[in-house]
Amino acid sequence: ACLDVGCSLGIISAALSPHFKSMVGVDVDRPAVYQAVETSARRGAETSLSHYALGSGHSLPFADASFDVVICAQVYEHVTDQPALAREVERVLRTGGVCFFSGPNRLAVIEEHYWLPFLSWLPRPLASAYMRLFKRGQAYDAYPLFYGQIRRLWRNFEIHDYTWRMLRQPQRFGVGERVEKHPWLSAIPDGVLRGLPPFYPNHNWTMVKR
């Protein structure tokens, strides 16, 4: 069984459902969840094993050790209580279960929600003023962490970092379009790149529950 935390419209859930006996997506966004349900119904048997639920990553509506795999992709930075999210992911995973985590680094040069350089580097009041200046919104509502903080957030897991492989083989991992937006990465030698995780714009890990 697989759980997609922060499933939104269910795109990841639908793509992964053929590979699991049961696929569950959960999100706090009611309209997005309803749309995911409708899309699943239209596709019929292709996603017949996909189910969707309303719920928060702070308090997942599932029993302990319910899932073999959890997907937590581009979610943590939208959660105000990030330690609660980490605890809940750990709680619903079975021992030896795997979480795929993907999330931005606060040191990313280009903030990929609003595409403003150095936005996430700024204190929140300045970041919000920066957004208003360039008409990208009224307030900066993402909460990305620094690399060390993200590692501490998931400290109860055994972490396997795939980020540098994805940067070197973007087509293999389906991230070619995203990596192309950072052309300077291709100029960094492999040995140097593997030693720079604190500066990766986005982290991509498989994390095993001990």
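The values are calculated or read from the model by the stated rules, or taken from the named source; none is laboratory data. Model, not experiment: these values are computed from the prediction. As a convention, Cβ positions derive from the backbone with ideal geometry for all residues, glycine included, and neighbour counts pool all protein chains shown. Heavy atoms of the whole protein, side chains included, go into the accessibility calculation; ligands, DNA and RNA do not. Shrake-Rupley method; radii C 1.70, N 1.55, O 1.52, S 1.80 Å.
One residue stands out in the range 66-83 among those that are open to solvent by less than 10 Å² (accessible area, probe 1.4 Å) and part of a helix (DSSP H, G or I): the one that is farthest from I159 (Cα to Cα), namely E77. Is it true that Y200 is touching a residue at least 24 places away in the same chain (Cβ under 8 Å), open to solvent by 50 Å² or more (accessible area, probe 1.4 Å), out of contact with any Gly (no Cβ under 8 Å at 6 or more places or on another chain) and among the aromatic types (F, W, Y)? Answer is no for this residue.
Residue-by-condition table, conditions (1) closer than 23 Å to C72 by Cα; (2) open to solvent by less than 70 Å² (accessible area, probe 1.4 Å):
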residue	(1), (2)
I150	yes, yes
N156	yes, no
Y162	yes, no
R165	yes, no
P170	yes, yes
R178	yes, no
A187	no, no
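Scan the range 98-118 and tell me whether some residue there is surrounded by 17 or more Cβ atoms within 10 Å (Cβ to Cβ), part of a helix (DSSP H, G or I) and modelled with pLDDT of 95 or more. Scanning the range 98-118, I find no residue that is surrounded by 17 or more Cβ atoms within 10 Å (Cβ to Cβ), part of a helix (DSSP H, G or I) and modelled with pLDDT of 95 or more, so the answer is no.
Here the condition is being in a helix (DSSP H, G or I), of a type in the set (A, V, I, L, M) and modelled with pLDDT of 90 or more; of A15, A45, A41, A63, it holds for A15 alone.
Among residues of the range 5-16 that are on the phi < 0 side of the Ramachandran plot and touching a residue at least 24 places away in the same chain (Cβ under 8 Å), those with a Cβ under 8 angstrom from a residue that is of a type in the set (S, T, Y) and surrounded by fewer than 20 Cβ atoms within 10 Å (Cβ to Cβ), sequence gap 6+ or separate chain, pair up as L9/T39; A14/T39. Out of the range 19-34, which residues are assigned to a helix (DSSP H, G or I) and open to solvent by 90 Å² or more (accessible area, probe 1.4 Å)? Once the filter is applied, which keeps residues that are assigned to a helix (DSSP H, G or I) and open to solvent by 90 Å² or more (accessible area, probe 1.4 Å), the range 19-34 yields H19, R30, P31, Y34.
For the range 166-192, enumerate the residues that are part of a helix (DSSP H, G or I), out of contact with any Ser or Thr (no Cβ under 9 Å at 6 or more places or on another chain) and hydrophobic (A, V, I, L, M, F, W, C). Passing the criteria: M166, W184, L185, A187, V192. Being open to solvent by 20 Å² or more (accessible area, probe 1.4 Å), on the phi > 0 side of the Ramachandran plot and either touching a residue at least 40 places away in the same chain (Cβ under 8 Å) or among the aliphatic types (A, V, I, L, M) (or both), is that true of even one residue in the range 87-96? Yes, some residue in the range 87-96 is open to solvent by 20 Å² or more (accessible area, probe 1.4 Å), on the phi > 0 side of the Ramachandran plot and either touching a residue at least 40 places away in the same chain (Cβ under 8 Å) or among the aliphatic types (A, V, I, L, M) (or both). The number of residues in the range 48-61 being surrounded by 17 or more Cβ atoms within 10 Å (Cβ to Cβ) and more than 19 Å from H19 (Cβ to Cβ) comes to 4.
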